[in-house]
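The structure appears right after this line, and notes come after that.
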Amino acid sequence: MGFFKDFKTFLLRGDIVALATAVVIGAAFNKIVSSVVSDVIMPLIGLMTGGEAFSQKFLSLDGNSYETLEAAIEAEAAIITYGNLIDAIIHFIIVGFFIFLVLRAYERSKKKKEEAPAAPKGPTQEELLIEIRDELKRQNKPGNI
């Protein structure tokens, strides 16, 4: 029984739960970013570079010319699919940018909490003593009885 109890304690520790939550959110975030890259950004870049998708860009190493990537793969030619590399680099840059934005927003919200204005303080001891002195002077003037 000790093994299972220890395992349960391990799983329910706060840092493990936070890590599991981060992994799930990270996977969902990755799907969103992947969609942005493959469905929005890469088609725009492909349009700017002649209308062909980057994932279809390749270089044949056997000296032959192939119409499409599929034709080169079917011919079992040695190819470098540099378009996939460019796609992965762009994906990495965009993921890094989104993470930067999230962390920047988090840091700014943390600073705002730290810089929250302190509650207004009451008068200092010296100010209170001055008020008392002035009040006593006013009450002790002739004709203030």
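Structure above, values below:
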| quantity | calculated |
| --- | --- |
| Residues located in the range 10-51, provided they are over 20 Å from the mean Cα position of the chain (by Cα), open to solvent by 80 Å² or more (accessible area, probe 1.4 Å) and at pLDDT below 80 | F10, L12, R13 |
| Odd one out for I132 among (1) at pLDDT 90 or above; (2) open to solvent by less than 100 Å² (accessible area, probe 1.4 Å); (3) under 30 Å from K31 (Cα atoms) | (3) |
| F3 vs. criteria at pLDDT 80 or above, assigned to a helix (DSSP H, G or I) and surrounded by 13 or more Cβ atoms within 10 Å (Cβ to Cβ) | no |
| Any hit, the range 96-104, residues being closer than 30 Å to G26 by Cβ and part of a loop (DSSP other than H, G, I, E, B) | no |
| Of all residues in the range 52-64 being aliphatic (A, V, I, L, M) and in a loop (DSSP other than H, G, I, E, B), the one that is least open to solvent (accessible area, probe 1.4 Å) | A53 |
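The values are calculated or read from the model by the stated rules, or taken from the named source; none is laboratory data. Just so we're clear, the structure is a prediction, and the values are computed from it rather than from any experiment. All Cβ positions, even for glycine, are placed from backbone atoms using ideal geometry, and neighbour counts span all protein chains on display. Note: accessible area is taken over every heavy atom of the protein model, side chains too, but ligands, DNA and RNA are not part of it. Shrake-Rupley method; radii C 1.70, N 1.55, O 1.52, S 1.80 Å.
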